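Asker: A single structure is presented below for examination.
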Amino acid sequence: MSDEMMMRLMGDLFPICRSITGEGVRKTLRILQAHIPLIIHEVPSGTSVFDWTVPNEWNIRDAFVSNSKGERVIDFHKHNLHILNYSTPVHTRLNLAELKPHLYTSTEHPDWIPYRTSYYSPNWGFCLAHNDLLKLPEDTYEVVIDSTLEPGFLTYGELSLPGETEDEVIISTHVCHPSMCNDNLSGIVVATALARMLLDKPRRHSYRFIFVPGTIGSITWLARNQDSLYKIRHGLVISNLGDAAGFTYKRTRAGNAVIDRLVEQALAETGTEYRVLDFVPYGYDERQFNSPGIQLPVGAFWRSQHGTYNQYHTSADDLTFVQPHQLQESLQMLATITDILETNRTYLNLKPMGEPQLGKRGLYQSIAGDSNHATLQSALLWVLNFSDGTHDLLAIASKSKLPFRTIAQAAQLLAKTDLLKIHS
Amino acid sequence: MSDEMMMRLMGDLFPICRSITGEGVRKTLRILQAHIPLIIHEVPSGTSVFDWTVPNEWNIRDAFVSNSKGERVIDFHKHNLHILNYSTPVHTRLNLAELKPHLYTSTEHPDWIPYRTSYYSPNWGFCLAHNDLLKLPEDTYEVVIDSTLEPGFLTYGELSLPGETEDEVIISTHVCHPSMCNDNLSGIVVATALARMLLDKPRRHSYRFIFVPGTIGSITWLARNQDSLYKIRHGLVISNLGDAAGFTYKRTRAGNAVIDRLVEQALAETGTEYRVLDFVPYGYDERQFNSPGIQLPVGAFWRSQHGTYNQYHTSADDLTFVQPHQLQESLQMLATITDILETNRTYLNLKPMGEPQLGKRGLYQSIAGDSNHATLQSALLWVLNFSDGTHDLLAIASKSKLPFRTIAQAAQLLAKTDLLKIHS
Amino acid sequence: MSDEMMMRLMGDLFPICRSITGEGVRKTLRILQAHIPLIIHEVPSGTSVFDWTVPNEWNIRDAFVSNSKGERVIDFHKHNLHILNYSTPVHTRLNLAELKPHLYTSTEHPDWIPYRTSYYSPNWGFCLAHNDLLKLPEDTYEVVIDSTLEPGFLTYGELSLPGETEDEVIISTHVCHPSMCNDNLSGIVVATALARMLLDKPRRHSYRFIFVPGTIGSITWLARNQDSLYKIRHGLVISNLGDAAGFTYKRTRAGNAVIDRLVEQALAETGTEYRVLDFVPYGYDERQFNSPGIQLPVGAFWRSQHGTYNQYHTSADDLTFVQPHQLQESLQMLATITDILETNRTYLNLKPMGEPQLGKRGLYQSIAGDSNHATLQSALLWVLNFSDGTHDLLAIASKSKLPFRTIAQAAQLLAKTDLLKIHS
């Protein structure tokens, strides 16, 4: 997808009030279906999923606080962050002191509306800029929350792209956040664009994209797919992909999975600043994939880390905060990562006794015109020496300090001769 | 024990002339029996203990050098360091040149009496301040050493505190040094105070305290207890615990025992300066516990390392050199170490598929009033994620960079629910 | 060999025009036979050796370019680097433009003749100083190369020095370079001197020296000796041993072979600057020994690394570039390395329960006169503690940070008692 297409999609999704259940997620997924053949799954409220239960479905039509003159001083229709997400329905009149315990603000960023939720303990409330709270006079306020919290469904989207093998790569992103762009329309849009890109390509791996509400969504997906989890060989949970920071990779629980080595190699080759973090059991849905009974090799990929930028979980995480070229750069980085996943193999040197004679196979000629000559020549020797069945191309790239693409190019040249074959 | 009690005990023990055998050790152990129910063992001279033989018992009543006027110019009764420890009996007259080969001084610290021994090659001698040696005129000196070196016993003390399990923690300290405080009345006093403290507590581990003469004492103890060494799971050899230096930990030979991880974690959490040293095959009795045929997980715990302070093995290592609050700090550190030993367990997450729902078990509520809220919340997740049967709480504390006590608190909270049980 | 003998041998070898086959190598090996009982092997052209075929034998009698006045402007008899090594025979007349594609120079070092070869693609050419090329006027030149490239033999030299055991140490050096001193008359001369030195000594290991043309020579040797490669326990490929740089060691492919630990320990003990490099699959013949089907523990030992000094592969690598004391220092370092190889053993402590009593075995006395007393005393304890069947003396030297010779001396003292015996 072009920068513009990604921004247009983000613009379409921005106004929707999403939550962990309800019409917001459904609308979001239907918009994505215009780009990729997503299947929408509906899981009934009350379904047991591991230690959890799918909650009642939440929907909201209107919510406001109006003063004694009937003026709406807080209005859900102005910004859907105004409502405490998952607020129970209410219609009452309160004075300011009674109202205040239900009002959430951020004194640190007094002009921005904070994002607050109360999914699992029934409550109601409003969020607003702290400066607006200070302006509220003593008065009698009418409070209306026209929401429903009733048996329904938890909704998620799934796209399976079968490849030559059953070995599966999973990309997961969360779809529960209302109008905020970096967290996480950026993840939704980039995942959609990446899926769109992979749709058109031959694939050695199978790919599975899941668009799920945070925590309960990934737990629900895992619980419903236990029998096929064994197919997952690599995975990434993606979010926060539109801001200006360099890339951040959070390792899997094991810390030495192929995806760990791969993303670190890819990031190192960018030549730009990046961060690699060890696994910690909090963050996004990588914590579910890395729980001790699941232990799938799934890392997390971000630009900024959640919670480390001022706009995080506020109304300032809007369409001006993310930049199209940053979304595009994130998409391209993920495309590079999947390219390496497709290309990374373990080869076997078929003439392992001494160095084979490259000259008689035209391997000097074949590369004479290449400006990259000396490097590729060296890559041929690295691939031959370490293709002993125990080093994949990533390991050889890392050992040789040569770019993965040069090592892969050398392997492809050699694999056309009698010198090298795929081992695994 | 209070600071004062520890200093009083040290004052009682200070004047006694100890050695590797003899009445000095017996008197010392009898004084300790007023505080802890120590059993005193007597091993006959001539007993074979591994490659060694228990030597004859040494006792001394008087020793002096007097000048031709009959004045004692060196007098054992003024300071028991004046006698070369284990000196054979002698009564003779010598001129200064004949006497000098039997006089030991320290030119580096000319006002202090050095501590010298000759346990295994028969010899006699006196130690004195170098400045006093310089003052000795040419004269005929009478030399009297009223000592005995005869078949008798090697004496050591032992205290066994049985716990819920046979798994044993051994604390060893040496009792062979005469009137010096840091090396090693400090070790004797702190070991006694620690034993006193553990006597009154419920204990998961069994504890064994041994008060032994250096080298020959620990070898004798090991030789006599070969059949039960398998019970020892952790151990420390302690000494030099009263000076002003930060703590020093010397690792076991393996270097990665639980006691190694534990003491390093505990020291790191103090936030003060400390040193951790790799095992070397010299030092105190840790070298016996770590000999290649024994290989018990026993580290060494000191403030200053032996030989690194000026007062070491001189008369300046006296009651003014150690400070009560430093003894107390050493005691408290050892108490912390035994607390962690008691608390450190490996747990099993009983809901390992995805993250369990903490809210429905009141684990948010239970901690809401805790100022430590966010840290404990994070500790709950660390404990759940890594309680897979292969990480003990120490490993989780180390991975999470959270204090051990927070991790332990989280484990205890979780163990009250259906989420966690003890694995080992 | 003395400095002078090594320089005289180098002077004898310098004028010879060597290549990968032909009379130059034969003459070289015959000169070495005056010093060591080398066996000369001849392998017929056309012989299959792994992926390669022994090429036709190249010999050259004369080669020149003369101008229209009959003056030789490039003359092989002035310097044998003037000929492109392995040039096919030619007799023709060319103008300057036609001649130039066959002339090789170095613009970087315009006064020196570069060294160029074309072993495996038939070609002819001359090498000359770039400044001399610039002086060549437009003219008609006569080009004569009186060479032959015909079925014959590949020639290499081999010296086997049987030892007490079949365990073999291989030292390999390349003999294909014409008149250049550091690369590689230095390797040839030092290998000869080392072999001369080992001839006169009792040897626990067997030693094998091979003097082979680069690449094809080591491949030929490996292919012809496949059945006995299993005997090789350690090895070094040596070259570039006469220049002024500190030593360089290039590790084996595994990186943790005994030879790796050994050379690093020996270099560290020199107290001078040195470099240790990880294995890379290019360089000299170590790449054949470390190919994935061979994987022998063979490192490479140099002063300067090939390609890192200006004179490399030019006429400036002459008899003034190498210094006799540098050759001698290289020889002595290799002698130290073989000494350590002979001395390094794994011992077993026969009294492993506690520390044995050294005093009663006179091990204090035996060392009392030694200025090295305290260090040796400590070495005795290190050897006793770590002689558990899993640490060789090198490992103990490394752990203790004591010199290998001190650890070895301690082991030899202990092995004379009932405390220690050789394990392996």
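Just so you know, all these numbers are worked out from the coordinates, no wet-lab data involved. Note that the structure is a prediction, hence the values are computed from the model and not measured. Heads up, the Cβs are rebuilt from the backbone with ideal geometry, glycines too, and the neighbour counts pull from every protein chain shown.
Asker: For the range C:241-320, state which GluC sites (Glu not before Pro) are in a DSSP loop and have at most 11 other beta carbons lying within 10 Å of their beta carbon.
Answerer: Here the sparse-neighbourhood loop sites are C:Glu273.
Asker: Would you mind listing the distances between the B:Gly246 label point and the same position in each other copy? Use 7 Å along Cα-to-C-beta, nm, one decimal, shortest first.
Answerer: 3.1, 3.1
Asker: A further question follows. Looking at chain C, which longest stretch skips every one of the trypsin sites (Lys or Arg not before Pro) that is in a DSSP loop with at most 12 other Cβ atoms within 10 Å, leaving the sites themselves out?
Answerer: Free of exposed loop sites, the longest segment is C:79-400.
Asker: At a 10 Å Cβ-Cβ cut-off, how would you order C:Ile39, C:Ile20, C:Ile170, B:Ile16, fewest neighbours first?
Answerer: Lowest to highest Cβ neighbour count: C:Ile39, B:Ile16, C:Ile170, C:Ile20.
Asker: What is the mean number of Cβ atoms from other protein chains located within 10 Å of the Cβ atom of each residue in peptide B:279-292, rounded to a whole number?
Answerer: 5
Asker: Taking a label point 7 Å out from Cα toward Cβ, give me the nm distances from A:Lys421 to the same spot in the other copies, shortest first, one decimal.
Answerer: Computed spacing set for this position: 5.2, 5.2 nm.
Asker: 5 Å is the cut-off here: which amide hydrogens, built 1.01 Å from N in the peptide plane, fall below it relative to C:Ile294, excluding neighbours closer than 5 in sequence?
Answerer: When sequence neighbours closer than 5 places are left aside, the close amide H contacts are A:Gly354.
Asker: With charges only on Cβ, +1 for K and R and -1 for D and E, what is the dipole size of the range A:148-238 about its Cα centre, in debye, rounded to 20?
Answerer: My answer is approximately 220 debye.
Asker: Can you list, shortest first and in nm, the gaps between the label point of C:Glu269 and those of its counterparts in the other copies, using a point 7 Å from Cα in the C-beta direction?
Answerer: 4.5, 4.5
Asker: Still on this structure, please answer the following. For chain C, what does -39500 (n - 2.57) per DSSP helix run (n ≥ 4), summed and divided by total residues, give at 222 nm, in deg cm²/dmol to the nearest 500?
Answerer: -9000 deg cm²/dmol
Asker: Here's something else I'd like to know. Given H placed 1.01 Å from N in the peptide plane, which residues other than close sequence neighbours of C:Val49 have an amide H under 5 Å from its amide H?
Answerer: Those qualifying (amide H under 5 Å, at least 5 residues apart or on another chain) are C:Val54.
Asker: Looking down the axis that turns A into B, which residue of A has the closest beta carbon, and how many Å out?
Answerer: With distances in whole Å, chain A gives A:Asn256, 11.
Asker: Let me ask something additional. Name the aspartates and glutamates eligible as straight-distance cross-link partners of C:Lys69: C-alpha to C-alpha under 18 Å, and not fewer than 8 places from it in the same chain.
Answerer: C:Asp132, C:Glu138, C:Asp139, C:Glu142
Asker: Between rounded, prolate and oblate, where does the range B:241-328 land on the alpha carbon gyration tensor, with a ≥ b ≥ c its root eigenvalues, rounded for a/c under 1.5, else prolate if a/b exceeds b/c?
Answerer: Since a/c reaches 1.5 but b/c is at least a/b, the shape of the range B:241-328 is classed as oblate.
Asker: Moving to a separate point now. Given charges of +1 on the Cβ of Lys and Arg and -1 on the Cβ of Asp and Glu, with all other atoms neutral, how large is the dipole of the range C:346-422 about its Cα centre, in debye to the nearest 20?
Answerer: Roughly 60 debye, rounded to the nearest 20.
Asker: Select from C:Leu38, C:His79, C:Leu262 the residue farthest towards the positive end of the dipole of chain C; place +1 on Cβ of Lys and Arg, -1 on Cβ of Asp and Glu, and compute about the Cα centre.
Answerer: C:Leu262
Asker: Which percentage, to the nearest 5, of the DSSP beta bridges contained in the protein assembly as shown is antiparallel?
Answerer: The antiparallel proportion sits near 65 percent.
Asker: Counting only Cα atoms, I'd like the Rg/Rh figure for the protein assembly as shown, Kirkwood definition for Rh.
Answerer: 1.07
Asker: Short version: ³J(HN,Hα) in whole Hz for each residue of the range B:135-144, in order, from phi by Karplus 6.51 cos²θ - 1.76 cosθ + 1.60 (θ = phi - 60°), x for Gly and Pro, what are they?
Answerer: 7, 5, x, 4, 5, 9, 10, 8, 10, 10
Asker: For the range A:58-150, how big is the tail of P(r) above 16 Å, as a whole percent of Cα pairs?
Answerer: Result for the distance tail: 50 percent.
Asker: Measure out, as a whole number of angstrom, how far apart the alpha-carbon centroids of the range A:27-85 and the range B:45-63 sit.
Answerer: 86
Asker: Turning to a different aspect of this structure: Shape verdict for chain C, please, from the Cα gyration tensor: rounded (a/c under 1.5), prolate (a/b greater than b/c) or oblate.
Answerer: Taking the square roots of the gyration eigenvalues as a ≥ b ≥ c, chain C is prolate.
Asker: Tabulate in residue order the Karplus-calculated ³J(HN,Hα) for the range A:251-257, using 6.51 cos²θ - 1.76 cosθ + 1.60 with θ = phi - 60°, rounded to whole Hz; enter x for Gly and Pro.
Answerer: Computed from phi, the couplings for the range A:251-257 are 5, 5, 4, 6, x, 9, 6 Hz.
Asker: Amide H to amide H, which residues 5 or more places from C:Leu277 or on other chains are under 5 Å from it, using H placed in the peptide plane?
Answerer: HN-HN under 5 Å from C:Leu277: C:Tyr249, C:Lys250, C:Arg251.
Asker: Could you compute the net charge surrounding B:Asp418? Neighbours are other residues with a C-beta less than 10 Å from the C-beta of B:Asp418; K and R count +1, D and E count -1.
Answerer: +3
Asker: If the limit is 31 Å between Cα atoms, which of C:Lys27/C:Lys201; A:Lys231/A:Lys399; A:Lys100/B:Lys360; B:Lys399/B:Lys421; A:Lys401/C:Lys100; A:Lys231/A:Lys360 go over it?
Answerer: A:Lys401/C:Lys100; A:Lys231/A:Lys360, as the Cα separations exceed 31 Å there.
Asker: Could you line up B:Leu161, C:Leu241 from fewest to most neighbouring Cβ atoms inside 10 Å?
Answerer: Sorted ascending by nearby Cβ count, the order is B:Leu161, C:Leu241.
Asker: For the range A:117-185, which GluC sites (Glu not before Pro) pass both filters: DSSP loop (anything but H, G, I, E, B) and at most 16 other C-beta atoms within 10 Å?
Answerer: Passing sites in the range A:117-185 are A:Glu138, A:Glu164, A:Glu166.
Asker: In chain B, which whole DSSP H runs stretch at least 30 Å along their own axis (Cα) and average 1.6 or higher on the Kyte-Doolittle scale?
Answerer: Correct list, ordered by number: empty.
Asker: Find the percent of Cα-Cα distances in the range A:103-163 that exceed 18 Å, and round it to a whole number.
Answerer: Of all Cα-Cα pairs in the range A:103-163, 59 percent lie more than 18 Å apart.
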